[in-house]
Amino acid sequence: MKKKNILVFLAVILVLTAFLMNRKQEDPAGNNKTEVEIPVRVAPAGKAEIRETVLVSGNVEPWAEVTVYPEVTGRLEKIHVREGQPVSKGDILAQVDYEKTDLSVKQLESQLEAAEVKIENLKKDYERMERLYREKVVAEKTLDDIKTSLDISRINAESLRSQIALARVKLRDSRISAPIGGIVSKKYIDEGEIVTESSMSKSGPLVTIVDISRVRITVPVGEDNLRKIKKGQKAEVSIDAYPGRKFTGQVHNIFPVMDTFTRTTSIEILVNNPGNLLKPGMFARTDIIVVNRGSVVAVPAEVIIEEEEGKIVYTVENSKAKSRKITTGMEEGDQVEVLSGLEEGALLIVEGQHSVRNGTKVSIIK
């Protein structure tokens, strides 16, 4: 009986020992527990250009646009350009009755030459008659008649000079030249048509020339953003026709008057247009860069965890997660500037950061 009790006692001891050992293995604080590693993805903390921008939109307009009108009447003898043709400043666009006007100038010049010859002859006659008059060979009336003829010839010559000056102006205006360099965007008249006084008005243009070597985008800006914008600030322009491409411009002009209805002021942005890719009428989205922080340590917004004590990110050191309390600055897109608490190159946990705590053992997955 006593032996049986001893056996029962030993059995109970063995069961209790096994139970306690099993509890010890399951105890989170147990020294014999195998710690589970949390899989995470990491990326080195890098630098990025962080900027504050004002997003505005508007239509592309030519830098300069000039509609050219005839300055003389007559038949349009020749038009030297077609739509879409590039021209330089001073190029001849068209001519109106140029040949006829040129002949008129030459005829008047010939008449002037004849008049000047006549004047020279009358001057000689007058000098001779004046000598004869002093010798009392001819009468005073003969001398007066020659002087009158000389005066009339001089008046006629002066009139011819005035007519030639006017004819030369008309001749110059008969050839219409380009006031600016650019591209002929529209032609309104064809060769052989008659230019009348009425067609010289605003209703009868010859051509329109646009300069799109540069373009401008005029955009409205509200009161809140207006104080941030200054002349010369860089702007990046996006056009739907060229997805993924940025055109560079700058703030060229800030209009001095605010619209009382919309409470906006117009801003003019000047954009270089290589290859004339930007066409007037295109819709443009423009980021005006009002602050540029340059190259700073930045992290994706989704890796930042908000806690009561502030913002933290997790890095990996010695195969363990380490929490870093950070202070942040500007944001652009999904990038957030880190002012303190994180250095460039630190292994930042970018996936799995919500599953770890400070000191959690981690395994890095590719």
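The values are calculated or read from the model by the stated rules, or taken from the named source; none is laboratory data. All values reported here derive from a predicted model rather than from experimental measurement. Positions of Cβ are generated from backbone atoms using ideal geometry, with glycine treated the same way; all protein chains shown enter the neighbour counts.
Key figures
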quantity: Test: residue 135 is at pLDDT below 85, over 30 Å from residue 207 (Cβ atoms) and surrounded by fewer than 16 Cβ atoms within 10 Å (Cβ to Cβ); calculated: yes
quantity: Residue match in the stretch 185-193 (condition: buried (at least 17 other Cβ atoms within 10 Å of the Cβ) and closer than 30 Å to residue 337 by Cβ); calculated: no
quantity: Subset tally (residues that are within 23 Å of residue 107 (Cα to Cα) and among the acidic types (Asp, Glu)) for the stretch 118-159; calculated: 3
quantity: Flag if residue 189 is within 30 Å of residue 129 (Cβ to Cβ), of a type in the set (A, V, I, L, M, F, W, C) and modelled with pLDDT under 95; calculated: no
quantity: Flag for residue 261 being surrounded by fewer than 19 Cβ atoms within 10 Å (Cβ to Cβ), under 16 Å from residue 218 (Cβ atoms) and not assigned by TED's automatic domain parsing to the domain that holds residue 42; calculated: no
quantity: Whichever residue in the stretch 205-229 is touching a Phe, Trp or Tyr at 6+ places or on another chain (Cβ under 9 Å) and not hydrophobic (A, V, I, L, M, F, W, C) and, among such residues, is nearest to residue 89 (Cα to Cα); calculated: 211
quantity: Residues of the stretch 83-140 that turn out to be part of a helix (DSSP H, G or I) and closer than 23 Å to residue 190 by Cβ, as a count; calculated: 5
quantity: Lone unmet requirement of (1) farther than 15 Å from residue 53 by Cα; (2) assigned to a strand (DSSP E or B); (3) within 20 Å of the chain's Cα centre (by Cα); (4) without any contact (Cβ under 8 Å) to a residue 24 or more places away in the chain for residue 250; calculated: (1)
quantity: Extreme residue, surrounded by the fewest Cβ atoms within 10 Å (Cβ to Cβ), among residues of the stretch 158-180 that are of a type in the set (S, T, N, Q) and over 16 Å from residue 113 (Cα atoms); calculated: 177
quantity: Test: residue 180 is more than 23 Å from residue 265 (Cα to Cα), β-branched (Val, Ile, Thr) and in a loop (DSSP other than H, G, I, E, B); calculated: yes
quantity: Pair list, Cβ < 8 Å and 6+ apart or interchain, from the stretch 222-247 residues that are among the charged types (D, E, K, R) to residues that are not in a strand (DSSP E or B); calculated: 223/263; 236/246; 240/282
quantity: Residue within the stretch 151-170 that is part of a helix (DSSP H, G or I) and touching a Pro at 6+ places or on another chain (Cβ under 6 Å) present; calculated: no
quantity: Enumeration of residues in the stretch 97-147 that are closer than 16 Å to residue 165 by Cα and among the aromatic types (Phe, Trp, Tyr); calculated: 98
quantity: Residue 282 being in contact with a strand residue (DSSP E or B) (Cβ under 8 Å, 6 or more places away or on another chain), free of Cβ contacts under 8 Å to residues at least 60 places away in the same chain and surrounded by 14 or more Cβ atoms within 10 Å (Cβ to Cβ); calculated: no
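Each row is one residue, and each column tells you yes or no for (1) within 18 Å of the chain's Cα centre (by Cα); (2) outside the structural domain of residue 97 (by TED's automatic domain parsing); (3) surrounded by 12 or more Cβ atoms within 10 Å (Cβ to Cβ).
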{"residue": "205", "(1), (2), (3)": "no, yes, yes"}
{"residue": "230", "(1), (2), (3)": "yes, yes, no"}
{"residue": "257", "(1), (2), (3)": "no, yes, no"}
{"residue": "271", "(1), (2), (3)": "yes, yes, yes"}
